[in-house]
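Below is one structure; the comments refer to it alone.
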Amino acid sequence: MNINAIQADITRLKVDAVVNAANTSLLGGGGVDGAIHRAAGPELLTACKELGGCATGEAKLTDGFELPARYVIHTVGPVWKGGEQGEEALLASCYRQSLALAATVNADTVAFPSISTGVYRFPIQQAAAIAVSTVKTVLKKYPSVESVTFCCFSADELAVYNACLNQLTD
Ligand code: AR6
């Protein structure tokens, strides 16, 4: 099982599937969502319009169009409201559902951004711990998925993910 973290722009990664931290409309936005739409080109928005939105904690699939990645898995993280509104379970569900979808299309290599930790204000330490432990557990169910990369935008974010990965060695 190969789980790693890097600092990179997720729109440049040559993986089978990149995950997008979208909103329930799936019609684009700022942050990583805006970057993915810009890099994938206008066909991505056309494809997203046909999906009819996505509930928080769920995931939907499109092609990657002009991205190096073959697929985009759009998932909607929870907005942080203090932690008493099921945010942790919803964030774990994003990672679980995204990997389940990756397995159904035989995506061997998958990259995640740090879902919900930007505009949605989920505390990074907590989010990274949930991301790493959920992926680690869920990957056992999907042996076809060979590698998962946490694609961090900043060096600070990368340090947090690496600390979580180091704590969770078997
Ligand atoms: N590659 C990798 N990570 C990135 C990139 C990139 N190109 N750009 C930003 N990040 P955010 P959220 C990081 O706000 O909190 C959008 O408007 C960023 O540093 O993109 O889930 C959607 O439409 C942060 O660590 O997503 C929704 O409305 C992480 O990606 C809302 O934001 C996530 O930050 C979703 O908010």
### Task
Please identify the pairs in which a residue from the stretch 94-108 that is closer than 20 Å to TYR120 by Cβ has its Cβ atom under 9 Å from the Cβ atom of a residue that is acidic (Asp, Glu), counting only partners at least 6 apart or on another chain.
CYS94/GLU58; GLN97/GLU58
### Task
Residue by residue through the stretch 1-41, note down the ones that are part of a strand (DSSP E or B) and near the ligand (Cβ under 6 Å from one of its atoms).
ALA21, ALA22
#### Entry: Of all residues making up the stretch 47-64, the number that are assigned to a loop (DSSP other than H, G, I, E, B) and surrounded by 19 or more Cβ atoms within 10 Å (Cβ to Cβ)
4
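On the given criteria, is GLU88 surrounded by fewer than 20 Cβ atoms within 10 Å (Cβ to Cβ), more than 20 Å from CYS152 (Cα to Cα) and away from the ligand (no atom under 12 Å from the Cβ)?
Numbers: surrounded by fewer than 20 Cβ atoms within 10 Å (Cβ to Cβ): yes; more than 20 Å from CYS152 (Cα to Cα): no; away from the ligand (no atom under 12 Å from the Cβ): yes.
The answer is no for GLU88.
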### Task
Output the residues belonging to the stretch 22-41 that are closer than 22 Å to LEU99 by Cβ and either surrounded by fewer than 16 Cβ atoms within 10 Å (Cβ to Cβ) or in contact (Cβ under 8 Å) with a residue 40 or more places away in the chain (or both).
ALA22, ASN23, THR24, LEU26, GLY31, VAL32
## Note on the structure
Scanning the stretch 44-95 residue by residue, the ones that are touching a strand residue (DSSP E or B) at 6+ places or on another chain (Cβ under 8 Å) and on the phi < 0 side of the Ramachandran plot total 26
### Message
Residue under question is LEU44, and the condition is that it be part of a helix (DSSP H, G or I), touching a Leu at 6+ places or on another chain (Cβ under 9 Å) and crowded, with 18+ Cβ neighbours inside 10 Å; does it hold?
### Response
yes
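Readers should treat all values here as calculations from the given coordinates under stated rules, not as data from a laboratory. Everything quoted here is computed from the prediction, not taken from an experiment. So basically every Cβ, Gly included, is an ideal-geometry build from the backbone, and we count neighbours across all protein chains shown.
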